[in-house]
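Only one structure is covered here, and it is reproduced in the block below.
The values are calculated or read from the model by the stated rules, or taken from the named source; none is laboratory data. Bear in mind that the values here come from a model prediction, so they are computed numbers and not experimental data. Heads up, the Cβs are rebuilt from the backbone with ideal geometry, glycines too, and the neighbour counts pull from every protein chain shown.
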Amino acid sequence: MALALVVLCAGVVQAAEQKFALPKFSNGYERPAVGIPEGVPGPRPAILDYTDVAVLLAAIAAAAFMALVVRSRRWIWVISLASLVYFGFWRAGCICSVGSIQDVALALADKTYIIPLSVLAFFAVPLAATILTGRTFCSSVCPLGAIQDLVAVRPVEVPKAVDHSLGLLAYVYLGAGVLFAATGSLFLICQYDPFVSFFRLVPLLHPSETMYASAGSAGMLLVGGVFLAAGIFIGRPYCRWLCPYGAIMRLLAPLAIFKTTITPDKCVGCRLCENACPYGAIEPPTPDTGRSPAVLAALAAVTLALVAGLGFAGSQLAGPFSRMNYTVQQAQEVRAEEIAQEAGQDVTPADIAKAFEGTGRKKADLYKDAAAVRDRFVIGGWFFGGLVGLVFGAKLLRLAWGNREHKDFRINHAKCVSCGRCFATCPRSRLKTSPAAKAKGEAA
């Protein structure tokens, strides 16, 4: 599915690279050669981008094999370490499937934005793999998850009410990230990534590339440090409660064709897996609690009210949200300068206003563009608020409508990241992998 999506989009991307034919001159004019100034790194060769995609495919395939077939926590840990080194410290957290959400959103909203094929692949391949094998990308391939998983040495159980409530923040973050990216205002997810700053603390790997030669702000280093410190006692706090890409995977993972299982054959009810899982993904046996149609109807009405109410609230945030957009900021500064001049005040134009004056454009055109941006934020705000309302309503439905009976301990695949910790604790799994069992299998 992912490869088909990439191939279908390839023609669109390539066709958009050259939208207008180059002009022809008859007076002997020669176009100047476009060069790269000395000391400035050149563009990254495309072959390296495709190498990243190949490594991504290989890592996901290896993680799925180790989680579903070999059922080895040790090898999943090894893949986590390798992914952290390659996608984290070597590639400095970029290219990133989490951040690719914004590229896709902007490409869908702005026809002039050309999304690289490698970025499209990093967005689509893990999602397609999730539909096939569950969240094996999260298990050990994503560097953001890997760095948190490796520090989770003494995780404690988080109360379910807290876990459910904080998990909703990821969908709010996802909606905000898509909104700001689609309006061309800000790549919010990338700017506030808590771990990229750590990945870019190793400039010696890329001494000639300026983007890797500096870490993020001190503030983001501090935020990342807090997440890692919390991750010692709370399993993957960013992944569970904030990751926007993980929010999408939570919706897709229950649809997976091949799913991770706690035990290779039957559950003996020992509860060791429940104690071993740091992510609250193991569900104990549950009786059938019933599902009342009246409750369903009431929750459906509540969900519709939440969608409408939060959608309206989102549209009302268009004003403050739009101030994150450069065009709106420029229009505000130019207008403020214009008002001051009309009042006879002596003002020094801000740099952003001077930049506009240098373009030679009319102020009316700038104000028109800023108004168009605000209109897009109004429409996007409806979708943003509606998404949040829908997610909140679905959560209420999931918690209140009742459960179907299941007699064994089972995995909640929306929460499970296929880390493999439960494999080693399951006595049936240990029995299957014991030397005696292997010898018996070889003899057979």
Taking only pairs six or more apart or across chains, which ones have beta-carbon atoms under 9 Å, a first residue in segment 246-263 that is at positive phi, and a second residue that is crowded, with 17+ Cβ neighbours inside 10 Å? none
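Anything in segment 346-403 that is closer than 30 Å to A297 by Cβ, in contact with a Leu (Cβ under 7 Å, 6 or more places away or on another chain) and either outside the structural domain of F312 (by TED's automatic domain parsing) or not β-branched (V, I, T) (or both)? List them, or say none. Please lay out each step first, then the result.
Just the residues of segment 346-403 that are closer than 30 Å to A297 by Cβ, to begin with: 381-403.
If we keep only those that are in contact with a Leu (Cβ under 7 Å, 6 or more places away or on another chain) as well, we get 381, 384-386, 388-389, 391-393, 395-397, 400-401.
Scanning segment 346-403 gives G381, F384, G385, G386, G389, F392, G393, K395, L396, L397, A400, W401.
Among the residues of segment 312-330, which ones are in contact with a Gly (Cβ under 9 Å, 6 or more places away or on another chain) and not in a helix (DSSP H, G or I)? Spell out the reasoning first.
Applying the first criterion (in contact with a Gly (Cβ under 9 Å, 6 or more places away or on another chain)) to segment 312-330 yields 312-318, 321, 325-327.
Residues satisfying the conditions are L317, N325.
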Odd one out for G184 among (1) within 25 Å of A256 (Cα to Cα); (2) outside any helix (DSSP H, G or I): (1)
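For the subset of segment 94-121 comprising residues that are of a type outside the set (G, A, S) and closer than 18 Å to L251 by Cα, which member is surrounded by the fewest Cβ atoms within 10 Å (Cβ to Cβ)?
Among residues in segment 94-121 that are of a type outside the set (G, A, S) and closer than 18 Å to L251 by Cα, the one surrounded by the fewest Cβ atoms within 10 Å (Cβ to Cβ) is I101.
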All positions within segment 358-390 that are closer than 16 Å to A336 by Cα and either β-branched (V, I, T) or touching a helix residue (DSSP H, G or I) at 6+ places or on another chain (Cβ under 7 Å) (or both): K363, L366, Y367, A370
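Each row is one residue, and each column tells you yes or no for (1) part of a helix (DSSP H, G or I); (2) within 18 Å of the chain's Cα centre (by Cα); (3) buried (at least 23 other Cβ atoms within 10 Å of the Cβ).
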{"position": "L251", "(1), (2), (3)": "yes, yes, no"}
{"position": "K259", "(1), (2), (3)": "no, no, no"}
{"position": "I262", "(1), (2), (3)": "no, no, yes"}
{"position": "V268", "(1), (2), (3)": "no, no, no"}
{"position": "G290", "(1), (2), (3)": "no, no, no"}
{"position": "A294", "(1), (2), (3)": "yes, no, no"}
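Among the helices (runs of 4 or more DSSP H) contained in segment 59-164, which hold 3 or more residues that are in contact with a Ser or Thr (Cβ under 7 Å, 6 or more places away or on another chain) and either on the phi < 0 side of the Ramachandran plot or aliphatic (A, V, I, L, M) (or both)?
On the way: elements: 73-83, 97-109, 117-133, 136-140, 143-151.
Hits in segment 59-164: 73-83, 117-133, 136-140, 143-151.
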Given the condition modelled with pLDDT of 85 or more, at negative phi and exposed (fewer than 14 other Cβ atoms within 10 Å of the Cβ), answer yes or no: does some residue in segment 373-389 qualify? yes
Kindly establish whether L132 is in the same structural domain as V70 (by TED's automatic domain parsing) and either aromatic (F, W, Y) or buried (at least 21 other Cβ atoms within 10 Å of the Cβ) (or both). no
Given the conditions (1) surrounded by fewer than 20 Cβ atoms within 10 Å (Cβ to Cβ); (2) farther than 30 Å from G389 by Cβ; (3) touching a Phe, Trp or Tyr at 6+ places or on another chain (Cβ under 9 Å), and given that M324 satisfies all but one, which numbered condition is not satisfied? (2)
